[in-house]
Each structure stands twice: as structure tokens, then as C-alpha cells.
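J.: There's a structure below that I have some questions on.
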Amino acid sequence: MIRCLMVLASLLSGLAPAAASAQPRIVQRVLGRPATPQQPVLVGIDALRADFLARSGADTIYFAADTAVLSVSARATLAAQAQWLRQHPEVAVRIEGHSDLSDTRDHALAVGARRAEEVRQYLLLMGVPAAQIAAVTMGKERPGPGRTVTVLVR
């Protein structure tokens, strides 16, 4: 038993210098890194999409079940989106209307189309040129996040 402890102690003492010498390299590597990770620089359409989201607050408009009536919060989001779109006439958007996944195929297409058209009409009312806006319905073939309309910068 004593021999085992002596062997173990000699092994541990042999490892201590290696562990001590490895420590400065680890500290040096950690200290050599920047304090915060660098965010990638966005350019082109990615930069426009990021600015659109930052200035308008959201790219998704939510609806109640089986309706295409815009809520007060939806109108506020669309007003911010319209303001951004008026400032960027070179940017076009695609409005994608979605419906519940439980709807039938035809009903999903119809509800998605009504929602997309309602959003399109509101943006037109807010002064966005019609040439900047395209509205489509996604139906059940390309389901989205449920009862929503998504405004995509393209």
C-alpha cells in the first residue's frame, strides 16, 4: 500500500512541471484574443434587410384566426415599414401571406391571399409606390409561421 502511494506521488510530481509550463500558453492564448467577438460586416441586400428589421421593428404581421383584419399593432409595424420603404425606393419587397396549417388547401390559399393583399393595400395607403410591392399567397405548399404575413426585402 505504501509503495502504491509512493509511486502515485512520484507520478504526480512528474506531471506538475508539465502542467505549470502549459498554463502560461493557455493564458497567453486567451489574452491574445479580442475581448468581444467581431460581428460580420453586412453589405448589399443583407445590410438592407438588417436595416429594415432594425428600423421597422419586425418583418412579420400577425392576424387573428381566419381573418385578414389588421390590428393596431400590425398597423404600427406597417407604418414603420412604409416609412423605411419610402426612404429606399430602390428596394422591392415581397409580401407572403400565410394561413393556419389546419386549413384546407383552397382555404389556406384564399386566406393567405386576403392577408397579403390587405398588407399591400395598407402600404400603398401609406405612400409606398406600387412598383415596390409584390403580394403572393403561400398556401399549404410553403407553410410559414402560421397566421402571418411576412414582408421580405428582395
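Quick note: the coordinates plus some simple rules give every number you see, no bench work behind them. No experiment lies behind these values; they were computed from the predicted model shown. FYI the Cβ positions are ideal-geometry reconstructions off the backbone, even for glycines, and counts take in every protein chain you see.
J.: For the peptides 109-121, 67-79, what is the packing order when you average, over each peptide's residues, the other Cβ atoms within 10 Å and list the highest mean first?
T.: Details: 109-121: 21.3, 67-79: 15.3.
Per-residue mean Cβ counts within 10 Å order the peptides as 109-121, 67-79.
J.: On to the next question. Obtain the nm distance between the two label points defined at VAL41 and ARG75 by a simple spin-label model: each point lies 7 Å from its Cα along the Cα-to-C-beta direction.
T.: 4.3
J.: Now for a separate question. Just to check, using Stokes-Einstein with a Kirkwood Rh over alpha carbon pairs, what's the diffusion coefficient of the range 44-153 at 4 °C and 1.567 mPa s in µm²/s? Working shown, then result.
T.: On the way: Rh = 13.7 Å.
Rounded, D is 94 µm²/s.
J.: Counting Lys and Arg as +1 and Asp and Glu as -1, each charge on the Cβ, what is the dipole of the range 44-153 about the Cα centre in debye, to the nearest 20?
T.: Dipole about the Cα centre, nearest 20: 140 debye.
J.: So for the range 44-153, averaging the separation of alpha carbon pairs under 8 Å that are six or more residues apart and normalising by length, what relative contact order in percent results? Let's see the in-between values first.
T.: Working: 194 pairs, mean separation 40.8, N = 110.
Once divided by the residue count of the range 44-153, the mean separation gives 37 percent.
J.: Given R₀ = 30 Å, what would the calculated FRET efficiency be for THR67 paired with ALA130, taking r from the Cβ atoms and rounding to 0.05? Each step should come with its number before you reach the end.
T.: On the way: r = 25 Å, r/R0 = 0.82.
The computed FRET efficiency comes out at 0.75.
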